[in-house]
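Student: Below you will find the structure I want to go over with you.
The values are calculated or read from the model by the stated rules, or taken from the named source; none is laboratory data. What you are looking at is a predicted structure, and each value in this text was computed from that prediction instead of being measured. Ideal geometry is used to build each Cβ from the backbone, glycine not excepted, and the neighbour counts take in all protein chains shown. Accessible surface is based on the protein model in full, side chains and every heavy atom, while ligands, DNA and RNA are left aside. Shrake-Rupley method; radii C 1.70, N 1.55, O 1.52, S 1.80 Å.
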Amino acid sequence: YFRDRSVYENPTSNQFDIARARLSFRGFVYEEYLRYSIGTDWSASSARLVNANVEVDLLESLGVGFGANTRLRFGYWRTNFGRQTSESSQNMQFIDRSLTSNVFNLGNNTGLALLGGFTHWFRPVSYELGIFNGFGTFGVKDRDSLDRHMGISLRMTEELIGEYSSGESDNDLSPLAAVRIGSSLAYTHRARRGLGGSTNEFDNQPAILLVDDPSEGDAFFAMDQLQGSETDYDLWLAGVEADCKHAGWSLHSEYLCRWINNVQFTSADDFRDFTHGFYVQGGYFLTEKTELTLRHSSVWATGKGSGSPIGRNYTTTSNESGGGLNLYFLRHNSKLQTDLLYYDGAPISSGSMNLLAGDKGLLLRTQYQVAF
């Protein structure tokens with residue numbers, strides 16, 4: 001149920017929804033060092049591929065590697081950028097990822113990655129270095145829809161204290177504290193090429209920035225991926241993260257940012273954009289199966305130049321605040337979740353978050369999840 005209080009006339013809504021209906025297959029082929037993962041997501045009208053990739057353990061198969069458990073992955077999967085985006089949707093503390101994580105989500109892409117780990121001061125470090133067709137390209141593969149520039153991403157995490165378990169909640173009620181830190185970096189150059197002078201990759205729109213301008217009397221929506229007389233631009237993203245679990249408590253925080261610069265136009269225009277945000281999220285188990293959660297996230301965007309999508313400078317601010325209650329019947333495999341979140345001008349339209357750009361108001365969701 002969403003109660004809209006914005007001036008943009010997005011309707012108040014109440015509805016039933018199947019957020020994810022997924023069928024996955026995982027295992028090995030011939031030998032355990034050659035593993036595969038295939039995932040699909042179904043709805044009432046269509047089905048889509050979530051991931052399809054193969055991993056080769058280089059140490060076991062060839063005797064070479066860069067630290068422990070060195071693997072080569074190739075295929076299609078969610079780009080490992082940012083902590084919450086990389087976490088499985090099955091193991092979420094809230095019904096969906098934070099507003100900030102959704103804005104900086106690089107999506108699923110096709111490519112090649114090197115994964116593994118090593119020790120630093122006797123503490124485990126994990127890494128994933130990937131190269132892809134681009135970001136937000138999903139299953140696009142024809143040369144009229146992709147430019148010739150690849151996207152590169154790197155994420156590294158280090159467990160400073162204890163052994164950090166998967167999932168956002170401390171379902172184990174760990175008697176020993178676990179602390180993990182990490183960082184992410186990604187880059188791509190985008191060029192308007194292909195059939196008709198445009199590409200799916202260049203016109204990719206993972207987010208829509210809301211620009212408030214009372215003097216104009218209307219709502220303006222500025223695409224963070226440009227659509228005008230521009231021909232090229234650089235896209236940089238970076239992030240830092242920190243996580244802690246102990247005795248039923250959990251705390252997660254992350255700061256993410258994005259630059260759009262070196263924009264080239266066919267005209268004399270100029271433009272650059274800096275968007276950044278953070279979230280802080282935590283939970284506490286009231287009983288062995290009942291968890292109370294809280295979260296706040298904010299996103300700020302500043303665009304400058306005559307070549308901006310609305311032809312002038314803009315500044316936006318968006319916030320998300322609220323809490324929830326989780327009841328775990330069988331950890332994340334069987335759980336009932338309820339959360340209540342307030343949005344102050346949502347900067348994106350997101351089907352998974354049940355939001356339209358410009359939404360302002362309270363969102364109440366209840367979800368039951370079963371995984372097997």
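Student: For region 283-314, give me each residue that is in contact (Cβ under 8 Å) with a residue 40 or more places away in the chain and open to solvent by 50 Å² or more (accessible area, probe 1.4 Å).
Tutor: Glu288, Lys289, Pro309
Student: With respect to Val280, determine if the residue is farther than 22 Å from Leu336 by Cβ and crowded, with 18+ Cβ neighbours inside 10 Å.
Tutor: no
Student: Hey, which of the helices (runs of 4 or more DSSP H) in region 57-112, taking only ones fully inside, have at least 1 residues that are without any contact (Cβ under 8 Å) to a residue 24 or more places away in the chain and farther than 20 Å from Gly139 by Cα?
Tutor: Passing ranges, in order: 58-62.
Student: Ok, one more. Do you know which residues across region 328-344 are open to solvent by less than 10 Å² (accessible area, probe 1.4 Å) and either over 27 Å from Ala371 (Cα atoms) or in a loop (DSSP other than H, G, I, E, B) (or both)?
Tutor: Tyr343
Student: Checking Thr302 against (1) modelled with pLDDT under 95; (2) more than 21 Å from the chain's Cα centre (by Cα); (3) part of a strand (DSSP E or B): exactly one of these is not met. Which one?
Tutor: Evaluating Thr302 over (1) modelled with pLDDT under 95; (2) more than 21 Å from the chain's Cα centre (by Cα); (3) part of a strand (DSSP E or B) leaves (2) as the failure.
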